[in-house]
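The values are calculated or read from the model by the stated rules, or taken from the named source; none is laboratory data. The structure presented is a predicted model; accordingly, all values stated were derived computationally and were not measured. Methodologically, a virtual Cβ is constructed for each residue, glycine included, from the backbone with ideal geometry; neighbour enumeration extends over all protein chains shown. Areas reflect the complete protein model, heavy atoms only, side chains present, ligands, DNA and RNA absent. Shrake-Rupley method; radii C 1.70, N 1.55, O 1.52, S 1.80 Å.
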Amino acid sequence: NRVLNRGTLTVEVCIQPDDKNICTNFFPNNQAARNILRSFMDERTADVIFELQPPAKTGSGLDDSARDGYSTSLDDSTRDEYATSVRVPAHKLIVQLCARGSKLASLCENSDKSTPVVIRYINPDVFRLMLWYVYGGNIAAAEWIDRSEDFIDAANRFGLESFKIEAEAWYIKDLELSVHNV
């Protein structure tokens, strides 16, 4: 009966941390980055809409000097010059924080959900992937390889330096130099 103290079993435990092998399985993951990515393309919570207008079919009479056209409204005469426009919802706060100082962030400043930001001459897939990158998403290697030149153009147009640097790295990685193309 030396184990029991007045009918109660008492167990003494001594715990010491092992700094070399700290167990992190019990620490919850920070959900901020995951939640930002979950909000990507969420029309319900978006407070800015980008209206993307891909280049018109050839023969539209539009010259290349207008290729960086932005506007905050769309009139009927302009709408017919383009193929189908694509609406991309976004969040001002995320774009302004994650693309601080860029042309993309400045496009969001005075816009709201009721008046879309019109962006002409942009491939909607390239824009969506660029925006996914701004939100903190990872772009698959195949996309970087296939679209690196388009990404570089978009990065230059919208002032996204880190996106441009990564696109240039992928472009150079896939570039083969020879006597014939130098």
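Return a yes/no flag: does region 112-125 have any residue that is closer than 21 Å to LEU37 by Cα, open to solvent by 50 Å² or more (accessible area, probe 1.4 Å) and either small (Gly, Ala, Ser) or in a helix (DSSP H, G or I) (or both).
Looking for residues that are closer than 21 Å to LEU37 by Cα, open to solvent by 50 Å² or more (accessible area, probe 1.4 Å) and either small (Gly, Ala, Ser) or in a helix (DSSP H, G or I) (or both), one finds at least one in region 112-125, hence yes.
Cβ-Cβ under 6 Å, sequence separation 6+ or interchain: first residue in region 99-111 and basic (Lys, Arg), partner modelled with pLDDT of 95 or more and open to solvent by less than 30 Å² (accessible area, probe 1.4 Å). Which pairs?
Pairs found: LYS103/PHE158.
Modelled with pLDDT of 50 or more and under 26 Å from the mean Cα position of the chain (by Cα): is that true of THR84 in this structure? Don't jump to the end; show me each part of the working.
Working: modelled with pLDDT of 50 or more: yes; under 26 Å from the mean Cα position of the chain (by Cα): yes.
Yes; evaluated as a whole, the condition is true for this residue.
So GLY137 passes all but one of these: (1) outside any helix (DSSP H, G or I); (2) over 19 Å from ARG100 (Cα atoms); (3) not charged (D, E, K, R). Which condition number does it fail?
It is condition (2) that GLY137 fails.
State which residue is modelled with the lowest pLDDT when the search covers only region 145-182 and only residues that are open to solvent by 100 Å² or more (accessible area, probe 1.4 Å) and assigned to a loop (DSSP other than H, G, I, E, B).
The qualifying residue modelled with the lowest pLDDT is VAL182.
Suppose we filter LEU131, LEU104, LEU93 for residues that are closer than 18 Å to PHE40 by Cβ, at pLDDT 90 or above and open to solvent by 70 Å² or more (accessible area, probe 1.4 Å); which single one remains? Break it down into steps so the answer makes sense when it comes.
Values: LEU131 fails: open to solvent by 70 Å² or more (accessible area, probe 1.4 Å); LEU104 fails: open to solvent by 70 Å² or more (accessible area, probe 1.4 Å).
Checking each option against the conditions leaves just LEU93.
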